[in-house]
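Colleague: I'd like to ask some things about the structure below.
The values are calculated or read from the model by the stated rules, or taken from the named source; none is laboratory data. Since the structure is predicted, the reported quantities are computational estimates derived from the model, not experimental observations. Cβ: placed from backbone, ideal geometry, glycine included. Neighbour counts: every protein chain shown. Note: accessible area is taken over every heavy atom of the protein model, side chains too, but ligands, DNA and RNA are not part of it. Shrake-Rupley method; radii C 1.70, N 1.55, O 1.52, S 1.80 Å.
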Amino acid sequence: MNAIVSAPARAETHIPRDAKLEAYARTTVFDRPTLIIDTDLVREQYRGLKAGLGDAMLHYAVKANPHPKVIETLVAEGCHFDAASRGEIELVLEQGAKPEAVSFGNTIKRGADIKWAFENGISLFAADSEEELHKLAANAPAAQVYIRLLVGSTEADWPLSRKFGCAPDYALPLMDLAVRLGLRPVGISFHVGSQTRHPEMWRGTLDSVAEVWHAARKAGFMLSLLNIGGGFPAFYGEDIPTPAAYAAGVLAEVAERFGDVPRIMAEPGRGLVAEAGMIAAEVLLVSRKSEADLVRWVYLDIGKFSGLAETMDEAIRYQFITERDDEEQGACILAGPSCDSADVLYEKRMVYLPMGLRAGDKFIIRATGAYTSTYSSVGFNGFPPLDVVAI
Ligand SMILES: *Cc1c(COP(=O)(O)O)cnc(C)c1O
């Protein structure tokens, strides 16, 4: 790429609009760590992604943030849902989603839950194994199924493991089995890896998925559905395109390799809700290991077990706001409050925080609307789970 090509892309760089969240977090008194959700921002992100995705259907990955107000906002926008369990399906149906708008996308389902979902009008399921297809045939006869592919190379900040998907050369045998079992194999799915910051990073994955897609069609499977999964990024400090530009970029990469696909669905989680949330937390202790130590340890009232699980391996790097951000800053190790030594958030790459930071200071964490409240334990060491308020 040369400078001329990359220049226009810069103009499309995404700028978070979290001023209202920040004002609320700064001026409100909380008695425990609290996630504040601005549903206007969820709506704005949805509209941005939708604009870029054209006719593709958005199925929000409910696990990213299942707060009823988030679901309600998305139902009102006409969004569809990707659910992983009976509990998530019940939640979205309660908030007004139609069963036809819900896919049961987990490849590891309980037979009784498949049956319940099918009886309640859910007709689109994921599978990546023989046994799961047998479960589907027994509990959801003649249902539509898409086969999830294991994808190898990823450039995501939060890559997924080998846990999900079948090897590319196993997809056709599974489609064959689905047909023999009376199911309707309608398509394939994959997940490029969470927080994939640029559309170009999808290329390797799309190349390998397209090979399977074309081979399946050549073999006579009437595939109509391509499920491109999640991976849509949020702003954590590194440049990303606007939601519309990003989505359009991914769709262009898809069109180049797949041609005309009757039905495309995307399953954004993080990209829809991360920037719509901000956590208001508090500093519990600032200490040094010795008098001469230059590095401070900053302990918060929130940690890995109360909402910040994505700091695992320091993968997701959150941005912070304190009331002393105009002061001189120094290197800190940031840790949670629990009595588990694994509850250290950032140590390998330290964070720079104001020299005057002290116990009792408010500590605001940006872009925390995704994968925080769901990851919060129910009461490790007696710390309450992350509270959530929608504004
Ligand atoms: C979690 C999940 C998603 C959402 O991923 P993001 O990277 O947050 O967009 C999408 N699809 C499936 C099947 C998932 O499990």
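Colleague: Quick check: is even one residue across segment 174-186 open to solvent by 30 Å² or more (accessible area, probe 1.4 Å), part of a loop (DSSP other than H, G, I, E, B), out of contact with any Asp or Glu (no Cβ under 7 Å at 6 or more places or on another chain) and within 16 Å of the ligand (Cβ to nearest atom)?
Modeller: No, every residue in segment 174-186 fails to be open to solvent by 30 Å² or more (accessible area, probe 1.4 Å), part of a loop (DSSP other than H, G, I, E, B), out of contact with any Asp or Glu (no Cβ under 7 Å at 6 or more places or on another chain) and within 16 Å of the ligand (Cβ to nearest atom).
Colleague: If we only count strands (runs of 3 or more DSSP E) wholly inside segment 200-316, which ones have 1 or more residues that are in the same structural domain as Ala101 (by TED's automatic domain parsing) and under 25 Å from Leu172 (Cα atoms)?
Modeller: Answer list for segment 200-316: 225-227, 263-266.
Colleague: A further question on this structure: Of the residues that sit in segment 145-170 and are more than 16 Å from the ligand (Cβ to nearest atom) and of a type outside the set (D, E, K, R), which one is farthest from Leu206 (Cα to Cα)?
Modeller: This residue is Tyr170.
Colleague: Of all residues being without any contact (Cβ under 8 Å) to a residue 40 or more places away in the chain and acidic (Asp, Glu) in segment 257-299, which is least open to solvent (accessible area, probe 1.4 Å)? Just the residue, please.
Modeller: Among those that are without any contact (Cβ under 8 Å) to a residue 40 or more places away in the chain and acidic (Asp, Glu), it is Asp293.
Colleague: Scan segment 148-162 and give yes if some residue there is modelled with pLDDT of 95 or more, among the polar types (S, T, N, Q) and in contact with a Gly (Cβ under 8 Å, 6 or more places away or on another chain), otherwise no.
Modeller: no
Colleague: Okay, moving on. I'm told Ser194 meets every condition in (1) open to solvent by less than 30 Å² (accessible area, probe 1.4 Å); (2) at pLDDT 95 or above; (3) within 16 Å of the ligand (Cβ to nearest atom); (4) over 18 Å from Gly48 (Cβ atoms) except one. Can you identify the failing condition by its number?
Modeller: All conditions pass for Ser194, except number (2).
Colleague: What number of residues in segment 85-110 are within 12 Å of the ligand (Cβ to nearest atom) and surrounded by fewer than 18 Cβ atoms within 10 Å (Cβ to Cβ)?
Modeller: Count: 2.
Colleague: Here are Tyr352, Tyr346: which of them is in contact with a Leu (Cβ under 8 Å, 6 or more places away or on another chain) and outside the structural domain of Phe232 (by TED's automatic domain parsing)?
Modeller: From the options Tyr352, Tyr346, the qualifying one is Tyr346.
Colleague: On to the next question. When the residues of segment 21-38 are filtered to those that are open to solvent by 20 Å² or more (accessible area, probe 1.4 Å) and in a helix (DSSP H, G or I), which remaining residue is farthest from Asn227 (Cα to Cα)?
Modeller: Residue satisfying both the conditions and the ranking: Thr27.
Colleague: Could you list, in sequence order, all residues of segment 317-356 that are part of a strand (DSSP E or B), under 26 Å from the mean Cα position of the chain (by Cα) and loosely packed, with under 14 Cβ neighbours inside 10 Å?
Modeller: Lys348, Arg349
Colleague: Then there's this: Would you call Asp82 within 12 Å of the ligand (Cβ to nearest atom), among the acidic types (Asp, Glu) and in contact with a strand residue (DSSP E or B) (Cβ under 8 Å, 6 or more places away or on another chain)?
Modeller: It is true that Asp82 is within 12 Å of the ligand (Cβ to nearest atom), among the acidic types (Asp, Glu) and in contact with a strand residue (DSSP E or B) (Cβ under 8 Å, 6 or more places away or on another chain).
Colleague: Find the helices (runs of 4 or more DSSP H) located wholly in segment 60-124 whose residues include 1 or more that are in contact (Cβ under 8 Å) with a residue 24 or more places away in the chain and under 21 Å from His134 (Cβ atoms), and list them.
Modeller: Helices (runs of 4 or more DSSP H) meeting the threshold: 86-94, 111-119.
Colleague: Just need a number here: residues in segment 144-172 that are in contact with a Ser or Thr (Cβ under 8 Å, 6 or more places away or on another chain) and open to solvent by 20 Å² or more (accessible area, probe 1.4 Å).
Modeller: Here the count works out to 13.
Colleague: Among (1) modelled with pLDDT of 95 or more; (2) more than 16 Å from the ligand (Cβ to nearest atom); (3) farther than 30 Å from Gln329 by Cβ; (4) not small (Gly, Ala, Ser), which single condition is Met278 missing?
Modeller: Exception for Met278: condition (3).
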